Each structure stands twice: as structure tokens, then as C-alpha cells.
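Contents: one structure, followed by commentary.
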Amino acid sequence: MFKYVSLAVIVILAAVLLSSCAPAATGSMNPYPRQLNASGQGKVYVVPDLAYIFIGVRTQTASLSDSLNQSNTKAAEISSQLKELGVAAEDIQTSAFNVYPVQNYDQNGQPTGTEYVVENTVNVTVRDLASLGQILDSVVRSGANSINSITFDVADRKSAEAKARELAIQDAKARAEEMARLAGVDLGIVLNVSVYNSGSPTPVYEGKGGAVMSASGEVPVAAGQLVITADANIGYEIK
């Protein structure tokens, strides 16, 4: 047993001696080269050609059957009006249908009876923004008493998103060149690049035009403009 232990110790000592005699690794080779990182942003302004609207009917009566019947009648009338105004059936989608009781109380806090609420909400996609004001006016007159979340969008974002990415990379490159010049260094090869779009287009609140107004006598609607944004980050090796 002692011989085996002695042999193991000799092997370990030999390995240590050999490693100390081996030539030193090239310490001058830095696995993490000096870098210069820059970020940039690109923005593309577009005029929206789509609108998404939540249109709802809310009825409340002492009879669940009456509330349901009234809701169904109004919802059918609203759907008919939408189709007459050019909204395709596939662009009308039910997003919520709720039925629940509501307890009424008198001024002394005593229950006086129960009423029943029926809520029916559809998500409507409007592809002709020139008709948006007329659509809003018509559905309200048909019984819609809940309209919210009018959101504008563009049907084809790909070209605008691609342009925004191009502008973001150009901006990041220009910033990197400026920083290198100010720091007195030269840029080498590109080490890493990352680009991403910021998601859905956002409204522009700085008055760049592009508004779409409804005709006289209808609900006034201004679509304005949307901005599509991309961000880029570029890392360069410093020579």
C-alpha cells in the first residue's frame, strides 16, 4: 500500500516539475480584445391604413331574458350596419361576452332587487379609414354604448421595419466612427451586431401631418401618423 502511495506522489511531483519547465503561454495574447461599442436608432414615419376598434353593447334589465334579447337585437343591428359599410365578416370578431347579476339597494342600504347585465363586445378591423367616422356614427345610432381602444396600424410593416433597421445600423456606425475619432483610436473588424424593432408602431404626437379626417356630420377622426422604430448595437475591435 505504501508503495502505491509513494508512486502517486512521484507522478504528481513530476507533473508539477514538467509544467514549471514548460514555456510560458503567450500572455500578450488577450482573449478579450479592446472594444468600442456604439448604439443607434432608426425611425420611419408611416401613414396608418388600418384601425382596430372595440365596439360593445351593454344592457341591464330586471329580467335576464330581456337583457339577453335586447343585447342580441342591438348586436345584430350593429353587425348589419358594419357589413353595409364595407366591413368584412372576418373583420368582426367577438372579444367578450359577459352575463352577471347586479344587486340594487335603497338609500338605507337595503336590497331592492336584482337586475341582470349582458355585455357583448366585438373587435372590428377597419381597412378603409375614410369610412371610420361614418362607422362610429352608425354603430352608436344602432345601439352601441361602449366604444374604446381605437388603435391605428399599417397592414404591411415589413418594408418600414427593414428601413428602420437600416437607419439604426447606419446611426450606430456613425456614432462609433465619431467616438473613435474623438478617442484617437482606429476601428478594426466588427465583433458583434444586434438589431431589433421596438414592436408595434406608436402614434406620433409632434404634428407631422398625415391626418385622415371624417366627413362633415360624422364622428371626427384623425389617424395622424405612426412611427416604427429600430435599435442597433455594434461592437468594433480597436486596432
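The values are calculated or read from the model by the stated rules, or taken from the named source; none is laboratory data. As the structure is a prediction and not an experimental result, all values here were calculated from the model. Note that each Cβ is placed from the backbone with ideal geometry, even for glycine, and that neighbours are counted across all protein chains shown.
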Discussion item. Being among the small types (Gly, Ala, Ser), modelled with pLDDT under 95 and outside the structural domain of residue 41 (by TED's automatic domain parsing): is that true of residue 200 here?
Written reply: no
Worksheet item: When residue 116 is evaluated against the numbered criteria (1) buried (at least 18 other Cβ atoms within 10 Å of the Cβ); (2) within 19 Å of residue 85 (Cα to Cα); (3) without any contact (Cβ under 8 Å) to a residue 60 or more places away in the chain; (4) not basic (Lys, Arg), which criterion, by number, is the only one it fails?
Response: (2)
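Restricting attention to the range 133-183, and to residues there that are β-branched (Val, Ile, Thr) and assigned to a helix (DSSP H, G or I), which single residue is surrounded by the fewest Cβ atoms within 10 Å (Cβ to Cβ)?
Restricting attention to the range 133-183, the residues satisfying the condition of being β-branched (Val, Ile, Thr) are 135, 139-140, 147, 150-151, 154, 169.
Filter again for assigned to a helix (DSSP H, G or I), leaving 135, 139-140, 169.
Numbers: 135: 26, 139: 27, 140: 15, 169: 18.
The residue in question is 140.
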Item to complete: With a cut-off of at least 3 residues that are over 30 Å from residue 172 (Cα atoms) and either modelled with pLDDT of 95 or more or in the same structural domain as residue 201 (by TED's automatic domain parsing) (or both), name the strands (runs of 3 or more DSSP E) lying wholly within the range 1-110.
Response: 50-61, 92-105
Practice prompt. Please work out which residue is surrounded by the fewest Cβ atoms within 10 Å (Cβ to Cβ), limiting yourself to the range 47-72 and to residues that are in contact (Cβ under 8 Å) with a residue 24 or more places away in the chain and of a type in the set (Ser, Thr, Tyr).
Written response: 63
Discussion item. Quick test of your reading of the structure: residue 120 fulfils all but one of (1) more than 26 Å from residue 219 (Cβ to Cβ); (2) touching a strand residue (DSSP E or B) at 6+ places or on another chain (Cβ under 9 Å). Name the failing condition by number.
Written reply: (1)
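Tally the residues that are more than 32 Å from the chain's Cα centre (by Cα) and in contact (Cβ under 8 Å) with a residue 24 or more places away in the chain, restricting the search to the range 180-194. Let's see the steps before the verdict.
Initial filter on the range 180-194 (more than 32 Å from the chain's Cα centre (by Cα)): 180-189.
Right, trim to in contact (Cβ under 8 Å) with a residue 24 or more places away in the chain and you get 180, 183, 185-189.
Within the range 180-194, residues that are more than 32 Å from the chain's Cα centre (by Cα) and in contact (Cβ under 8 Å) with a residue 24 or more places away in the chain number 7.
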